1. Mind checking the per residue accessible area of chain A for me, 1.4 Å probe, whole number of Å²?
2. Given the whole protein assembly as supplied and a 1.4 Å probe, what does the accessible area of A:TRP96 come to in Å², nearest 10?
3. Rolling a 1.4 angstrom probe over the protein heavy atoms, how many square angstrom per residue are accessible across chain B?
4. How many nm separate the modelled label positions at A:GLU59 and A:ALA192, each set 7 Å beyond the Cα in the direction of the Cβ?
5. Mind checking segment B:67-141 for GluC sites (Glu not before Pro) that DSSP puts in a loop (not H, G, I, E or B) and that have at most 15 other Cβ atoms within 10 Å?
6. For every other residue with a beta carbon closer than 15 angstrom to the beta carbon of A:GLY344, add +1 if it is Lys or Arg and -1 if Asp or Glu, then tell me the sum.
7. Measure nothing fancy, just the Cα-based angle from helix A:433-453's long axis to the longest principal axis of chain A, in degrees from 0 to 90, nearest 10.
8. Give me the Kirkwood hydrodynamic radius of segment B:31-198 in Å, from all C-alpha pairs, to one decimal place?
Amino acid sequence: MTLAPDPLTSAATFVGMPAFPTAARAALADSQLRHNLEHATHTIRDKRARVVAEVDDWEELRTRGAALKDATLADLETHLLTLEERLTAAGATVHWARDAEEACRVVADVARSHGLDEVVKVKSMATAEIGLNEALAAEGIAAWETDLAELIVQLGDDLPSHILVPAIHRNRSEIRQIFLDKMAGAGRPAPADLSQEPAELAAAARLHLREKFLRARMAVSGANFAVAETGTLVVVESEGNGRMCLTLPEVLVSVVGIEKVVPTFEDLDVFLRLLPRSSTGERMNPYTSTWTGVSPGDGPQELHVVLLDNGRTRALADEVGRQALRCIRCSACLNVCPVYERTGGHAYGSVYPGPIGAILNPLMKGVGVDEQTDSLPYASSLCGACYEVCPVKIDIPSVLVDLRSQVVDAHRGGRPSVEAVAMKGAGATFGSSRRLRLAERFTGIGTRVAGRLGLASAWSGARDLPTAPTESFRAWWRRTGGGTDSAPGGPGSGTGGLDR
Amino acid sequence: MSARDDVLARVRAATATAVAPPLERPVVQSRPGDVDLFVERVADYRAVVERCTPEELGARLAEVVGERRVVVPDGLLEVLDQGGLVLPGAVADDGLAATELDRLDGVVTAATVGIAETGTIVLDHGPGQGRRAVTLVPDLHVCVVRADQVVADVQDAVARLDPARPHTWISGPSATSDIELDRVEGVHGPRQLHVVVVG
């Protein structure tokens, strides 16, 4: 596909993605992808472990981060009202959006009101979630991604596959090729003699984007944190593209999920210590910007903040699942997940992949609505590595299990699944000693037949059925009087029927 | 119902039974930091960092900047107590456009706070620190941090900052980990960060 890398014509979309097992199968067959992912996730895991070990009170910090988020969420209305009041007092215009469409409309209207046909963007999960670029494109407004990984994804007409590093599935030689092929169509071309050295690739991005930064009149950002008490917004980044967008244009629109609020300025301490170490494995990320409304003579003089729901209140109403809204988007859970490491992010069919995506998507969209979302709580081995690294202690495995039961509940009433029939049968069998005795006599035959017929093949296809013992426990007991006969084949002989 | 009222009503309904856990917010007295650790941690980011006495500062700056054309923000020489210092390539910021900043070589600023534990410098863009754009567009940032501005950790820095002001936290030169999660210095912000710790 050689589509021009024009944000107005991008065709990549998560809409219509198949359910996780189908998408994962395709990803697993891509050996280049698996190699890229293994290399990247292991690099970042080691870095994270090193800098986390430096902090003596890391566990206490995690506990404080979780408690702060829980306390804020429990009283979210109060904090949102305070935030709105302080933002307004500091000179920002506050908008509220029930869903993606309303949020996109606000941004498009602001651009329109200034007669603009392009905006520069700071990497933002919220704007990716609401499909802002596509919505702006439909209005004839080009949205230029300025984060290096987002640029790689946009130029490659690709989809993001990681929260922190959306182009994690690409290696340096693929990135070089994308730059050589696509930069010219979007602005300043890549140098013809571009090598695949990361430093050279970064330099090419610097030159390519600088002309866009210097001419941009409007920027769109998200926010990592929004301080209620002061009306301060915070963006945490590495490259300086965030600073460019937050500083140079005249107009700035920030799309902020309602769960991003923290009560006080001092509370930033906990999160600014937890986030960089968990995310990029650094003591601190290169740049953090904070701004409180308009500063005369410095930075954008027109500020808009869009407070976004888009399913967050649905997640908030879920008593087990609401802890997912503590998430500070560090992506540590992706980097340690054995499933993510093998399938990559695309298989999750969402801008939020990995363990956190497997709970956030069903919590925000609801279960029983589409097959793809319902498949996500099963995209896990429940090993618990995600919980262990989570800087705000989200118990992802417990939420996954709870969501699985919600998915099952949502599908009651239709045709019963093989699993449901099997469980019902097992219940009846174990409920009666007569039926159990009967069943034991046929276990050997039963397992062989089930194997041949391919019943429940999705389960048995990747698992060996154990061989049934030649003699059941109760038959052995009857024959030997509970082992007191010291008959051959009894316990202690080493060849008993119980041993398998 | 407006979007605002609707979202707030949903929030209210969703949290009707939620109980906030008790929160303890420790009262933070900003602690001074270990200047040697600060220097070491700044250097870890592959920034250039050096120490000098207040008497040596003028000569150090003159040598670091040389003939380069650098923005000198209002109030810098006063804040640094270097009233007599002459930098031959100094350019005053009289509202320079971004394209003009892009043609300059660098900028020299003071700082607000240094954080020893993380090797971070915080600017609040007050006198001698310039507006945000001047420490962003040029490729070299020479930043002077006084030893008594160095605090122990993040909480000590947060306690010293005025939330009403814009802040820029800087930890080394601009960098990215977006290619195979390998850190590379030098993307959009200044590719060279030169820190002079005084005192």
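The values are calculated or read from the model by the stated rules, or taken from the named source; none is laboratory data. Quick caveat: nothing in here was measured; it's all calculated off a predicted structure. Here the Cβ is made from the backbone with ideal geometry for all residues, glycine too, and neighbour counts use every protein chain on show. Note: areas computed on protein heavy atoms with side chains; ligands, DNA, RNA excluded. Shrake-Rupley method; radii C 1.70, N 1.55, O 1.52, S 1.80 Å.
1. That works out to 41 Å² per residue.
2. 20
3. 40
4. Those two pseudo-labels are separated by 6.2 nm.
5. B:GLU67
6. Surrounding charge for A:GLY344 is -2.
7. Computed tilt is about 60 degrees.
8. 16.0
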